[in-house]
Structures are given as C-alpha cells and as structure tokens.
Amino acid sequence: MHELSITQSLVEAVLDRTGGRSVTGVNLRIGPLSGVLPDAVRFCFEVVSADTPLAGATLTIDESEGRARCRSCRDEFVLEDMFLLCPCGSADVEVVSGRELLVTSVEVA
Amino acid sequence: MCATCGCGDDAGTRVSDLDGTVHDILPAAAAPHEHPHDHEHEHEHPHDHGHPHDDEHGHPRPQSPGTADAGHSPAAQGRTLISLEENLLAKNDLLAARNRGWLEGRGIQAFNVMSSPGAGKTTLLVRTIRELAGALDIGVIEGDQETSLDADRIRSTGRPVIQINTGAGCHLDAGMLQRALGALDPVPGSTLFIENVGNLVCPALFDLGESARVVVISVTEGDDKPQKYPHMFLAADLVIINKADLLPYVEFDVERCVRQARLLNPGVDVLTLSATTGDGMDGWLEWIRKNPHPAAAAAGSAPRSGGLRV
C-alpha cells in the first residue's frame, strides 16, 4: 500500500504551496506505468486529507494512456502492460507516455 | 499519531542504534513537519464542484506557480487555480539524491536488497559477510515492520547493523535511510547492504540513494514472479535466484524466469545460487567486487527515479 505514503506526500506537497488556504480541488495525472493505482490514491486521499485544509477537496485524476514508439517499425502503439513489446515483435521501443505521477494543479478558495 | 494528516501511529517508524537499543519513535513522515492551521474550519459557503476540470488536463499552464488563473472558471467563482506539475515522489527523490551524495562523498557502495518475505535475504547477507570477512568492510541496515530478529542475526557476525522498524509501513523510504545512515555512521570506503522490507511491490518505487538494486527471488516462489511483479524487476540491477539447492524438488524453470526478467529489463544481471549450501556464491561475491565504490566510479552512478526507468 505505497499509495498511502504517496498520498501523504501529495498532501504535504500541496500544503507547502498553499499554506493555510482552503483547497477545493486537487488535479493529478497518473499513468498506467507509474506503479500507482488511482483507486488506491482516491481511497487514501479522503483519510489523509481529513482535518487538513484539503479536507473535502475534489480529487480529479487524469488516468493518462501508456504509449510507446517502436524504433524498428516506427509505429506508435498503446502499452497494455509493463512488457515493452511492439505488435511487430520488436522489443526496441521507447516509452512516450504512461509513467506520469504528477500533481498538475490545485484549486484554492 | 499525527492528528493532522494521520501519518504514522503508535507503531510508527523506529530506528535502533548500533547496540540494538531503540531510541527514536518518531514516524519518518512526522519528523519535524508542520501543518499550517491558521484557517477556520467553517466552510459556510457551499462547495459545489459543478464546473468541469477537463480543460486543465494535458497541458501545463504557462503562468508561474502561484499565479492566479485570471479568466478561468475557478477564478470566476472566487477560486484560484495554482499550477504545480510536481512529481508525487519528488520529496523522496530529493532525499534519495542527498543520501546518494552523502554515500558517494564517503566512497561507500550501497546495495538495496529487495524480495518477498522469506526469499532468503538475511541468510544471503550473513553468508556474504562471513565469506567477505577481511576483504570488505561491511555494514547493514535492516528493514522490517517489527522485531530486531534479522538485525540480531547480522549482529552475530560481528558487523555493525541498524534495525529500522517501519511499523505500519510496507517499504523503506529515503527519509528512513537518511536517519539510519546517521545512526550507523558507516566508515568511508565501506560496503553497505540495505535489506528492505520483504515486499515485491512497494519498495520498487522508492529510491533510497543506493548504488545498485538487488532483487532476490527463491525457487519455491514460482518462475512467474517477473510477470507478476514487473515494477520490481524493472528496477533491478541484479536478480538473484536463491535456494537453487531445492530445484530438484520444485517446478521452477530458471530459463523461463530469466527470459521473463530480461523481457522487462534487457540489461539485468542474473545469478543462480544457494545461500544455504554456498553453491553459486562465487558469482555473487564477484559481482559485488566488480561494482566499483562510488569514489572510483566518479560520475558513474546516475540517480534513478523509483521504478520508472527502463
């Protein structure tokens, strides 16, 4: 359940920037290759944000797609899992997106 | 327990000293951190979150952080959108970078040893210490949720050891290692083994500042571990297949396991050994010796970010 400590880091990172202002919205981007489950973060957020200026804030998670580019056939394709294999059979691929684990923005009252 | 954010509890992180006495009961995340409380908890106005956030996603805001987003819908409702674009592991990665610099400055090579519980990490370390006695100056940092059983086993070899008990935590993080390094105070030029909490999931994401990552799996666990726990095998510099003495009794296809690991992580080293009988230990000891100390490696050890590299 590493999402718990990651969510604690999220709350601390937001508080560092917002001070005591009441936070009404938190926007994240979490890619499928980041190793972090959005649902687990949602579950932890409510617990971790309680009694902080983030309590009750709307958590919006942009679950971006994993994409890679094949250096052999130059095709770009969707990554279904961590095994970086192009449909053409080549393993010489470059990950374009999917590793994101970001707090993109917060909304304060 | 920290009443503000809920981090840590009565079973929070504890770091022992060299003779095994536990002094520090501060949870790592609660070591001095502040929660501003100059606001009122009133919330008189309704928080209707009816407006869409869609237009924020996918493109960083051009304005500097902290700037009011004039004209955007939240501003129109008296709210301000603050652009952050910050990695959620940024704090851990910053502490890990400090640890890495601290270790490099002292010429200390540090191996982060990870596995599921019971794969044989401690047995491997005890045997490694005994076989390298006199050749390398070895210190150990042990991570477990509870007890000092593993640290006691290491201490019986005569080498310095620090136990970190993570309490509810399922992995070591860079902040815990920082405190353990202060307690261990390893001598310059020495070799440090960090035995992570037995867990093939969470430790993969947390850079500690180590010079290399070693993942141990045992043949009793099944040869499909790389497929099931890809993040861990992506993060590894070396995979050790342990308990090879049991291979005649279990259905474990070493070649299949290695193939799967290399499909995820083409450059990963793989060694098969038995820490109990000692078969194959030579390859492991040679791997340790080949791994240069940071002072000799100069700029060789690039920082890594969690399990995110390929």
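The values are calculated or read from the model by the stated rules, or taken from the named source; none is laboratory data. This one's a predicted model, so the numbers in the text were calculated from it and none came from an experiment. Cβ sites come from the backbone with ideal geometry, for glycine too, and all protein chains shown count toward neighbours.
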task: Being in a strand (DSSP E or B) and either under 18 Å from the mean Cα position of the chain (by Cα) or acidic (Asp, Glu) (or both) is the filter here, so list the residues in the range B:110-154 that pass it.
output: B:110, B:111, B:112, B:113, B:114, B:115, B:139, B:140, B:141, B:142, B:143, B:144
- prompt: For the range A:1-33, how many residues meet the condition of being under 11 Å from the mean Cα position of the chain (by Cα) and either within 7 Å of another protein chain (Cβ to nearest Cβ) or of a type in the set (D, E, K, R) (or both)?
  reply: 5
Selection count where residues are over 19 Å from residue B:96 (Cα atoms) and among the charged types (D, E, K, R), scope the range B:132-191: 8
message: Against the conditions (1) farther than 27 Å from residue B:166 by Cα; (2) within 8 Å of another protein chain (Cβ to nearest Cβ); (3) among the hydrophobic types (A, V, I, L, M, F, W, C), where does residue A:101 fall short? Just the number, please.
response: (1)
message: Where the second residue is modelled with pLDDT of 95 or more and in a strand (DSSP E or B) and the first is under 17 Å from residue B:149 (Cβ atoms) and of a type in the set (S, T, N, Q) and lies in the range B:94-121, which pairs have Cβ atoms under 7 Å and are six or more apart or on separate chains?
response: B:115/B:215; B:115/B:216; B:115/B:217
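The rows are residues; the columns are (1) in contact with a Lys or Arg (Cβ under 8 Å, 6 or more places away or on another chain); (2) of a type in the set (A, V, I, L, M); (3) within 20 Å of residue B:240 (Cα to Cα).
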residue: B:118; (1), (2), (3): no, no, yes
residue: B:123; (1), (2), (3): no, no, yes
residue: B:129; (1), (2), (3): yes, yes, yes
residue: B:132; (1), (2), (3): no, yes, yes
residue: B:147; (1), (2), (3): no, no, no
query: Of all the residues that make up the range B:162-220, how many are small (Gly, Ala, Ser) and within 24 Å of residue B:284 (Cβ to Cβ)?
result: 9
message: On the basis of being touching a helix residue (DSSP H, G or I) at 6+ places or on another chain (Cβ under 7 Å), free of Cβ contacts under 8 Å to residues at least 24 places away in the same chain and surrounded by fewer than 19 Cβ atoms within 10 Å (Cβ to Cβ), does residue A:83 make the cut?
response: yes
- prompt: Among the candidates B:214, B:187, which residue alone is over 14 Å from residue B:116 (Cα atoms) and either in contact (Cβ under 8 Å) with a residue 40 or more places away in the chain or of a type in the set (Lys, Arg) (or both)?
  reply: B:187
- request: Could you grab me the full set of residues in the range A:51-71 that are within 7 Å of chain B (Cβ to nearest Cβ), over 12 Å from the mean Cα position of the chain (by Cα) and either surrounded by 18 or more Cβ atoms within 10 Å (Cβ to Cβ) or closer than 25 Å to residue B:206 by Cβ (or both)?
  value: A:52, A:53
field: Selected residue [away from chain A (no Cβ under 14 Å) and either surrounded by 17 or more Cβ atoms within 10 Å (Cβ to Cβ) or at pLDDT below 90 (or both)] from B:310, B:258
entry: B:258
- request: Taking residue A:78 as the residue in question, decide whether it is within 7 Å of chain B (Cβ to nearest Cβ) and exposed (fewer than 15 other Cβ atoms within 10 Å of the Cβ).
  value: no
query: Does residue B:253 satisfy being in contact (Cβ under 8 Å) with a residue 12 or more places away in the chain, surrounded by fewer than 19 Cβ atoms within 10 Å (Cβ to Cβ) and away from chain A (no Cβ under 14 Å)?
result: yes
message: I'd like the full set of residues that are within 14 Å of chain A (Cβ to nearest Cβ) and of a type outside the set (A, V, I, L, M), limited to the range B:261-279.
response: B:262, B:265, B:266, B:267
field: the range A:6-60, residues that are in contact with a Gly (Cβ under 7 Å, 6 or more places away or on another chain) and under 30 Å from residue B:233 (Cβ atoms)
entry: A:31, A:32, A:33, A:35, A:48
task: Give the range B:144-176 a look and list any residue that's within 14 Å of chain A (Cβ to nearest Cβ) and either hydrophobic (A, V, I, L, M, F, W, C) or under 21 Å from residue B:99 (Cα atoms) (or both), or say none.
output: B:166, B:168, B:169, B:170, B:171, B:172, B:173, B:174, B:175, B:176
